[in-house]
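Structure, as structure tokens:
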Amino acid sequence: MTAPLPVRPPEPPATTPVPEDRAPRQRQPSRLVAPLRETGKLFALAVAVSRAIFRRPFQMREFIEQFWFVASVTILPAALVSIPFGAVIALQVGSLTEQLGAQSFTGGASVLAVIQQASPLIVALLISGAAGSAICADLGSRKIREELDAMEVMGVSPIQRLVVPRVLATMLVAVLLNGLVSVVGTLGGYFFNVIMQDGTPGAYLASFSALAQLPDLYIGELKALIFGFIAGIVAAYRGLNPRGGPKGVGDAVNQSVVITFMLLFFVNMVLTAIYLQIVPPKGG
């Protein structure tokens with residue numbers, strides 16, 4: 001008898017390599033999802049800052065230093081910018097009321113435009129452009145130097161230690177600066193209307209009580225408070241999330257200013273629409 005031949009196990013089927021262009025790729029998130037994710041993180045930071053405001057200990061020294069810094073870089077530019085704003089508004093409103101034969105209401109209309117719209121926007125744009133960019137650059141440089149990570153390792157919250165004092169400083173400076181801009185803008189409008197358009201000083205001042213009312217000042221201060229909060233939150237968010245090292249810090253500063261401008265104009269539109277629906281005009 002002959003021995004049976006050994007049975008060779010079947011060879012596995014040869015696998016052909018899959019071309020790279022046909023290989024399964026990891027699904028990338030949609031381009032529409034990224035802005036929504038960033039918006040959600042921004043709102044999450046705003047909520048975290050709002051909660052940390054009432055926690056102890058409060059960084060009083062940091063708050064005073066940031067308040068002085070924000071005020072020092074915004075007081076003079078705000079006063080200088082408010083004069084031409086008030087003048088332009090007074091000249092435009094005066095020209096329009098002259099065509100309509102209602103020159104006696106020039107003062108009230110100019111003051112309403114300055115207090116309700118121009119003053120909060122001037123303050124917010126200056127704070128976001130001057131103070132907000134500095135806050136973003138400071139936090140971004142701390143982030144790339146890993147100072148914020150070291151604070152978290154030591155159990156110190158960067159939000160409570162650094163972000164909260166800066167946001168509160170921008171809010172307080174915005175409220176106080178809004179009053180200064182309102183006064184300077186009103187005086188500038190009065191000067192240009194009386195001197196350049198031969199307006200009557202008594203009629204200009206008397207029209208204040210005819211059209212303006214106290215809630216107009218309240219909505220201006222409320223806008224300044226909200227705008228200061230938005231400017232501080234956006235600057236802090238972009239500073240805490242830089243990308244690409246030192247160059248990313250510069251890009252974050254530019255992005256913070258642009259994003260703040262867009263949010264400010266949108267929120268201003270919403271607040272103005274709500275105010276005009278809730279508070280009736282004087283004499284209406």
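Mind listing whichever residues of the range 127-167 are open to solvent by 10 Å² or more (accessible area, probe 1.4 Å), under 13 Å from the mean Cα position of the chain (by Cα) and of a type in the set (A, V, I, L, M)?
Matches in the range 127-167: ALA130 only.
For the range 80-98, enumerate the residues that are under 10 Å from ILE122 (Cβ atoms) and open to solvent by 60 Å² or more (accessible area, probe 1.4 Å).
Result: PHE85, single match.
Within the range 168-199, work out how many residues are open to solvent by less than 40 Å² (accessible area, probe 1.4 Å), more than 23 Å from VAL47 (Cα to Cα) and in a helix (DSSP H, G or I).
Counting residues in the range 168-199 that are open to solvent by less than 40 Å² (accessible area, probe 1.4 Å), more than 23 Å from VAL47 (Cα to Cα) and in a helix (DSSP H, G or I) gives 12.
May I ask you to list the residues in the range 258-284 that are of a type in the set (Val, Ile, Thr) and open to solvent by 80 Å² or more (accessible area, probe 1.4 Å)? Quick ask: steps written out before the conclusion?
Here is the first cut: in the range 258-284, the ones of a type in the set (Val, Ile, Thr) are 258-260, 267, 270, 272, 274, 278-279.
Once the filter is applied, which keeps residues that are of a type in the set (Val, Ile, Thr) and open to solvent by 80 Å² or more (accessible area, probe 1.4 Å), the range 258-284 yields VAL258, ILE274, ILE278.
So ILE122 fits all but one of (1) modelled with pLDDT of 85 or more; (2) surrounded by fewer than 19 Cβ atoms within 10 Å (Cβ to Cβ); what number is the exception?
(2)
Looking at (1) within 23 Å of ILE195 (Cα to Cα); (2) surrounded by fewer than 18 Cβ atoms within 10 Å (Cβ to Cβ); (3) β-branched (Val, Ile, Thr), which is the only condition VAL111 fails?
(2)
Of the numbered conditions (1) closer than 19 Å to GLY86 by Cα; (2) in contact with a Pro (Cβ under 7 Å, 6 or more places away or on another chain); (3) of a type outside the set (Lys, Arg); (4) in contact (Cβ under 8 Å) with a residue 24 or more places away in the chain, GLY140 fails exactly one; give the number of that condition.
So GLY140 meets the others, but not (1).
Against the conditions (1) more than 21 Å from LEU271 (Cβ to Cβ); (2) touching a helix residue (DSSP H, G or I) at 6+ places or on another chain (Cβ under 7 Å); (3) at pLDDT below 85, where does SER128 fall short? Just the number, please.
Among (1) more than 21 Å from LEU271 (Cβ to Cβ); (2) touching a helix residue (DSSP H, G or I) at 6+ places or on another chain (Cβ under 7 Å); (3) at pLDDT below 85, SER128 violates only (1).
When PRO281 is evaluated against the numbered criteria (1) part of a helix (DSSP H, G or I); (2) over 18 Å from the mean Cα position of the chain (by Cα), which criterion, by number, is the only one it fails?
All conditions pass for PRO281, except number (1).
Identify all residues within the range 216-257 that are open to solvent by 60 Å² or more (accessible area, probe 1.4 Å) and either modelled with pLDDT of 85 or more or more than 17 Å from the chain's Cα centre (by Cα) (or both); write none if there are none.
LEU217, TYR218, LEU222, LEU225, ARG243, GLY244, PRO246, LYS247
Would you check if THR106 is open to solvent by less than 60 Å² (accessible area, probe 1.4 Å), within 23 Å of GLY179 (Cβ to Cβ) and not aromatic (Phe, Trp, Tyr)?
yes
Got a sec? Which of ARG238, ARG243 is in a helix (DSSP H, G or I) and among the charged types (D, E, K, R)? Spell out how you get there, then give the answer.
Working: ARG243 fails: in a helix (DSSP H, G or I).
Matching residue, one of ARG238, ARG243: ARG238.
Residue check: is PHE54 over 21 Å from the mean Cα position of the chain (by Cα) and surrounded by fewer than 13 Cβ atoms within 10 Å (Cβ to Cβ)?
Numbers: over 21 Å from the mean Cα position of the chain (by Cα): yes; surrounded by fewer than 13 Cβ atoms within 10 Å (Cβ to Cβ): yes.
Spelling it out, PHE54 is indeed over 21 Å from the mean Cα position of the chain (by Cα) and surrounded by fewer than 13 Cβ atoms within 10 Å (Cβ to Cβ).
The values are calculated or read from the model by the stated rules, or taken from the named source; none is laboratory data. From a predicted model like this one, the values you see are computed outputs, not experimental measurements. Cβ atoms come from the backbone with ideal geometry, glycine included; neighbour counts cover every protein chain shown. Quick note on the areas: whole protein, heavy atoms, side chains included, nothing else; ligands and nucleic acids left out. Shrake-Rupley method; radii C 1.70, N 1.55, O 1.52, S 1.80 Å.
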